[in-house]
Amino acid sequence: MSVTMSLARFDSIELDCGRALRPVVAAYETYGEPNADRSNAILILHAFSGDAHAAGISAETGKPGWWDSMIGPGKAFDTRRYFVISSNVLGGCSGTTGPSSTNPATGRPYGSAFPPISIADMVRLQQMLTESLGIRRLLCVSGGSMGGMQALQWAVSYPDQVASVIPIASTHRHSAQQIAFNEVGRQAILADPDFNHGDYYGGRYPERGLAVARMVGHITYMSDDSMRQKFGRRRRKSRDQSDMFEVESYLRYRGGKFVNRFDANSYIAISRAMDTFDITEAGSPLEDCFGRGDARFLVLSFTSDWLYPSYQSQEIVRALRTRNRDVAYIELESNYGHDAFLLEVGEQTALIKGFLENTFQRLAA
């Protein structure tokens, strides 16, 4: 399945910070076909460093999507039955308006002039996109990690426009530890002498700071068990023939690859949006946030995920049950850590397929 990215252009978007972006572009891909009344539409929401290319083979790069194991014919999000949409988030660097996009006021990249964004802003742009595609109500919104945060925000901001929600390995707000890890990454970027206060476009790129930020983040995505099995204390020769641990080599490789596809300013903007996300921010109890709408929920977490531990998913489930909402919760066994939502395909597929089929049948009844 070869797919091509599309761009949706809008005159403006109002942001939570009180500023606006004019104009704004959303990059997206679609898989499968909409039915006659477009009631089979599913919005897939990517994690921190993801993009719109969630499935199939990109016509531009020839690479599979980041959730290709879950989206496609016969897969969890079965494109024989459902019309699946995936978009790059606001503030990203893969087609959607972000810090590296051209500021129409100056003709140069926004850089340090890019306004602060929120998870709610990302969802607002997604709602504009789905509306432009003629979709009045989504069958489902789903995503892991930051994608789960967006899914929850959809349920709060647009409760009448979603029939079901599947947040995976996620939270309704970051803990101090989660904020701390993101801050270390941001400080690594800010400390890079090439960062130039965020206005580095056209000059030297802050590769070292961004690579270190990715290395720190990547450690949190794995578990102690998975790192022991993958690396142990094995050593290898580096390019300069010095002795290093395999895990050191791996982290340097991941950091180096990351700087070739991601923007340092996007790292700062998106991680800050994650840290400030809190659907109880208005002071209401968590259960009150789910007081509107009738969406069904399937909440998934993983036993070895110490970045987004199961207790955070369980907080969401308790709040939903307090409101007598239709919610199912499963904690899946895995030793992959936070990356399990990308790697544990089998059980997730069975659970999601059944949940979506049941939801679709209920709507059709």
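The values are calculated or read from the model by the stated rules, or taken from the named source; none is laboratory data. Source: prediction; values computed, not measured. All Cβ positions, even for glycine, are placed from backbone atoms using ideal geometry, and neighbour counts span all protein chains on display. Only protein heavy atoms, including side chains, enter the accessible area calculation; ligands, DNA and RNA are left aside. Shrake-Rupley method; radii C 1.70, N 1.55, O 1.52, S 1.80 Å.
Scanning segment 1-33 for residues that are at pLDDT 95 or above, in a strand (DSSP E or B) and either farther than 11 Å from Thr97 by Cα or in contact with a helix residue (DSSP H, G or I) (Cβ under 7 Å, 6 or more places away or on another chain) (or both) yields Ser6, Ala8, Phe10, Ile13, Glu14, Ala20, Val24, Ala26, Tyr28, Glu29, Thr30, Tyr31. Put simply, of Thr276, Thr220, Thr280 the only residue that is at pLDDT 95 or above, surrounded by 14 or more Cβ atoms within 10 Å (Cβ to Cβ) and out of contact with any Pro (no Cβ under 9 Å at 6 or more places or on another chain) is Thr220. If you go through segment 216-226 and keep only what is farther than 17 Å from Asn182 by Cα and either free of Cβ contacts under 8 Å to residues at least 60 places away in the same chain or part of a helix (DSSP H, G or I) (or both), you end up with Asp224, Asp225, Ser226.
In segment 203-214, the qualifying residues are those that are more than 18 Å from the chain's Cα centre (by Cα) and assigned to a helix (DSSP H, G or I), and the one that is nearest to Asn265 (Cα to Cα) is Leu210.
Checked against (1) under 28 Å from Ala269 (Cβ atoms); (2) surrounded by 16 or more Cβ atoms within 10 Å (Cβ to Cβ), Gly18 passes all but a single condition, namely (2). Checked against (1) open to solvent by 40 Å² or more (accessible area, probe 1.4 Å); (2) in contact (Cβ under 8 Å) with a residue 60 or more places away in the chain; (3) in a helix (DSSP H, G or I); (4) not acidic (Asp, Glu), Gln361 passes all but a single condition, namely (2).
For Thr130, the requirement of being over 27 Å from Arg9 (Cα atoms), of a type outside the set (D, E, K, R) and open to solvent by less than 10 Å² (accessible area, probe 1.4 Å) is not met.
Results for (1) out of contact with any strand residue (DSSP E or B) (no Cβ under 9 Å at 6 or more places or on another chain); (2) within 15 Å of Val141 (Cα to Cα); (3) polar (S, T, N, Q), shown as yes or no for each residue.
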| residue | (1), (2), (3) |
| --- | --- |
| Leu21 | no, no, no |
| Val25 | no, no, no |
| Asn35 | no, no, yes |
| Leu45 | no, yes, no |
| Ile57 | no, no, no |
| Glu60 | yes, no, no |
| Trp67 | no, yes, no |
| Met70 | no, yes, no |
| Phe77 | no, yes, no |
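Of all residues in segment 110-163, those satisfying the criterion of being out of contact with any strand residue (DSSP E or B) (no Cβ under 9 Å at 6 or more places or on another chain), hydroxyl-bearing (Ser, Thr, Tyr) and touching a residue at least 40 places away in the same chain (Cβ under 8 Å) are Ser112, Ser118. Identify, please: which residue in segment 227-265 is among the polar types (S, T, N, Q) and part of a helix (DSSP H, G or I) and is, among those, nearest to Phe114 (Cα to Cα)? Among those that are among the polar types (S, T, N, Q) and part of a helix (DSSP H, G or I), it is Asn265.
When we screen Ser69, Ser101 for residues that are open to solvent by 20 Å² or more (accessible area, probe 1.4 Å), farther than 24 Å from Leu356 by Cβ, touching a residue at least 60 places away in the same chain (Cβ under 8 Å) and small (Gly, Ala, Ser), the only hit is Ser101. Annotation note: of Val84, Val3, Val89, the sole residue that is crowded, with 22+ Cβ neighbours inside 10 Å and farther than 15 Å from Leu356 by Cβ is Val89. For segment 140-161, a residue qualifies if it is surrounded by fewer than 24 Cβ atoms within 10 Å (Cβ to Cβ) and not polar (S, T, N, Q), and the qualifying residues are Val156, Tyr158, Pro159, Asp160. Within segment 36-66, how many residues turn out to be touching a residue at least 12 places away in the same chain (Cβ under 8 Å), assigned to a loop (DSSP other than H, G, I, E, B) and open to solvent by 50 Å² or more (accessible area, probe 1.4 Å)? Here the count works out to 4.
Consider Ser304 carefully, then state whether it is surrounded by 20 or more Cβ atoms within 10 Å (Cβ to Cβ) and in a loop (DSSP other than H, G, I, E, B). So Ser304 passes the test.
Return a yes/no flag: does segment 200-215 have any residue that is touching a Pro at 6+ places or on another chain (Cβ under 7 Å) and in contact (Cβ under 8 Å) with a residue 24 or more places away in the chain. Checked segment 200-215: at least one residue is touching a Pro at 6+ places or on another chain (Cβ under 7 Å) and in contact (Cβ under 8 Å) with a residue 24 or more places away in the chain.
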